[in-house]
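Report on the following structure.
The values are calculated or read from the model by the stated rules, or taken from the named source; none is laboratory data. Bear in mind that the values here come from a model prediction, so they are computed numbers and not experimental data. Positions of Cβ are backbone-derived with ideal geometry, glycine not excepted, and every protein chain shown enters the neighbour counts.
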């Protein structure tokens, strides 16, 4: 089942381009989005890695050889090493859920850590400055 809370919206986020924001405060531990994904094979992932879509796909599966394209707002959440949300993959249901990990203020940008864990400080593949 797809779900995006009606208080989320997309707007420009400085040098990051578009981002996801909230029009109201959100407490911690709230599922704010659950979106279906399109799963692609290891061969298709090699091809996608040669395109701009590489920046918007997620590694998929326990072995991380496949990839997926999430629908909904999921591809628009910007990265932060100290994100205020985390994403949870459900390989069986082929969905990604976005969950708040702390209280979030009205008009605050919602971020995820592209490394998977909300506080993982391992360098990502792009310049974050």
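What's the number of the only condition in (1) under 26 Å from residue 42 (Cβ atoms); (2) assigned to a loop (DSSP other than H, G, I, E, B) that residue 69 fails to meet?
Going through (1) under 26 Å from residue 42 (Cβ atoms); (2) assigned to a loop (DSSP other than H, G, I, E, B) one by one, residue 69 breaks only (2).
Using the structure shown, decide if residue 62 is outside any strand (DSSP E or B) and under 24 Å from residue 24 (Cβ atoms). Working first, answer last.
Details: outside any strand (DSSP E or B): yes; under 24 Å from residue 24 (Cβ atoms): no.
Judged against the criteria, residue 62 is not a match.
Would you check if residue 67 is surrounded by 13 or more Cβ atoms within 10 Å (Cβ to Cβ), in contact (Cβ under 8 Å) with a residue 12 or more places away in the chain, at negative phi and touching a helix residue (DSSP H, G or I) at 6+ places or on another chain (Cβ under 6 Å)? Quick ask: steps written out before the conclusion?
Numbers: surrounded by 13 or more Cβ atoms within 10 Å (Cβ to Cβ): yes; in contact (Cβ under 8 Å) with a residue 12 or more places away in the chain: yes; at negative phi: yes; touching a helix residue (DSSP H, G or I) at 6+ places or on another chain (Cβ under 6 Å): yes.
In short, yes.
Spot the failing condition for residue 36; the list is (1) within 15 Å of residue 4 (Cα to Cα); (2) under 11 Å from the mean Cα position of the chain (by Cα), and only one is missed.
Only one criterion in (1) within 15 Å of residue 4 (Cα to Cα); (2) under 11 Å from the mean Cα position of the chain (by Cα) is unmet by residue 36, namely (2).
Does residue 20 fit the bill of being within 21 Å of residue 111 (Cβ to Cβ), in contact with a strand residue (DSSP E or B) (Cβ under 7 Å, 6 or more places away or on another chain), in contact (Cβ under 8 Å) with a residue 40 or more places away in the chain and buried (at least 17 other Cβ atoms within 10 Å of the Cβ)? Spell out how you get there, then give the answer.
Details: within 21 Å of residue 111 (Cβ to Cβ): yes; in contact with a strand residue (DSSP E or B) (Cβ under 7 Å, 6 or more places away or on another chain): yes; in contact (Cβ under 8 Å) with a residue 40 or more places away in the chain: yes; buried (at least 17 other Cβ atoms within 10 Å of the Cβ): yes.
For residue 20, the condition - within 21 Å of residue 111 (Cβ to Cβ), in contact with a strand residue (DSSP E or B) (Cβ under 7 Å, 6 or more places away or on another chain), in contact (Cβ under 8 Å) with a residue 40 or more places away in the chain and buried (at least 17 other Cβ atoms within 10 Å of the Cβ) - is met.
Which count do you get for residues in region 1-17 that are touching a residue at least 40 places away in the same chain (Cβ under 8 Å) and assigned to a strand (DSSP E or B)?
The number of residues fulfilling the criteria is 3.
Could you tell me how many of the residues in region 65-90 are more than 13 Å from the chain's Cα centre (by Cα) and modelled with pLDDT of 95 or more?
1
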